[in-house]
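First comes the structure, then the notes that go with it.
The values are calculated or read from the model by the stated rules, or taken from the named source; none is laboratory data. Keep in mind that this is a model prediction, so the values were computed, not measured. Glycine also receives a Cβ, built like all others from the backbone with ideal geometry; neighbour counts cover every protein chain displayed. We work out accessible area using only protein heavy atoms, side chains counted, and drop any ligands, DNA or RNA first. Shrake-Rupley method; radii C 1.70, N 1.55, O 1.52, S 1.80 Å.
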Amino acid sequence: MVRPLLKKLLENHLKPHINDDQIISNFKQTIISDIKERFNLECDSESRVSVRQISSFLDPRYKNLDHEPIVARENIRSSVMDLLNSTNVHNVNTRREPSLQKSALEFLYGDDVTEVNDLTTEFQNYLAEPQLKFDLNSFDWWKSREDKYPAIGILAKKYLSIPATSVSSERCFSTAGNVVNSKRTSLLTKNVNLLVFLYQNRNLIP
């Protein structure tokens, strides 16, 4: 969810507005530049595919990669396909259990009928699935489709189980704890928010 959320943050909340004064405009530009640089949002066709990008593709809420530059989308899909080929999770040739009553086609083909569980077909079927709405549970979706997409499901378990770091939020809580102490219990909520925000972004203030 990291890259899709950052893209929406930049588009919906930090987009320059005609009513912004110079200070607000400079602030937005600084934040936008810092976020893009830190998370490498402006990648191109030559950029290395990151774990975050692969995770977004394996999340059925963001698998269409609308949040990524168009030139980078095919690279991400190719990287996932390479991962699928390298995992070797498929048993390509599976023998069908002989049935007591054979149809005409089964009689013509004989007993040794093989079912090809093709990675490319599985991958294309996954791409054809409708994208989930952002507020739905991707884990429930994978739970109901794990048998339909066994190879991609293995990658989804691997990448979607990576926990997001909480270091930044913990630092923010620590700052709030230092601001609101036994001698400053009468601070208004808006003032606490302002003081924490200013302290956390002190390096960006000229």
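How large is the charge dipole for the chain, taken about the Cα centre, if only the Cβ atoms of Lys, Arg (+1) and Asp, Glu (-1) carry charge, to the nearest 20 debye?
Rounded to the nearest 20 debye, it is 1200 debye.
Which residue, S86, S50, S78, tops the fluctuation ranking in a GNM of the chain built on C-alpha contacts under 10 Å?
S86
At 0.36 nm per residue, and after removing the present C-alpha to C-alpha distance, how many nm does the segment from V2 to F107 gain when stretched out fully?
32.4 nm
How much length is gained if the chain between K36 and I205 is pulled fully straight, taking 0.36 nm per residue apart and subtracting their Cα-Cα distance, in nm to one decimal?
Length gained, K36 through I205: 59.0 nm.
Computing the accessible area with a 1.4 Å probe over protein heavy atoms, can you report the carbon and sulfur percentage for the chain?
Reported share for carbon and sulfur atoms: 54 percent.
Looking at the chain as a GNM with Cα springs under 10 Å, which of T120, T87, T185 has the largest mean-square fluctuation?
Between T120, T87, T185, it is T185 that shows the largest mean-square fluctuation.
Over the chain, what is the relative contact order in whole percent, taking alpha-carbon pairs under 8 Å and six or more residues apart?
Here the relative contact order equals 20 percent.
Once you mark the GluC sites (Glu not before Pro) that are in a DSSP loop and have at most 16 other Cβ atoms within 10 Å, what is the longest gap between them in the chain?
Result, exposed sites excluded: 47-145.
Among the listed pairs K8/K157; K133/K157; K8/K28; K7/K133; K15/K133; K28/K63, which are separated by more than 18 Å between their Cα atoms?
The pairs that break the limit, which is 18 Å between Cα atoms, are K8/K157; K133/K157; K15/K133; K28/K63.
Please compute P(r) over all alpha-carbon pairs of the chain, binned at 5 Å starting from zero, and give each bin as a whole-number percent.
The percentages, shortest bin first, are 1, 6, 10, 12, 13, 11, 11, 9, 7, 6, 4, 3, 2, 2, 2, 1, 0, 0.
At R0 = 45 Å, how high is the FRET efficiency between R184 and E146 if r is their beta carbon distance? Nearest 0.05 is fine.
According to the calculation, E is roughly 0.30.
If you stretched the chain out fully between I154 and A176, how much longer would it get, using 0.36 nm times the residue separation minus the C-alpha to C-alpha distance?
3.9 nm
Can you tell which of R73, R184, R48 shows the greatest fluctuation in a Gaussian network model of the chain with Cα springs below 10 Å?
Maximum among the listed residues: R184.
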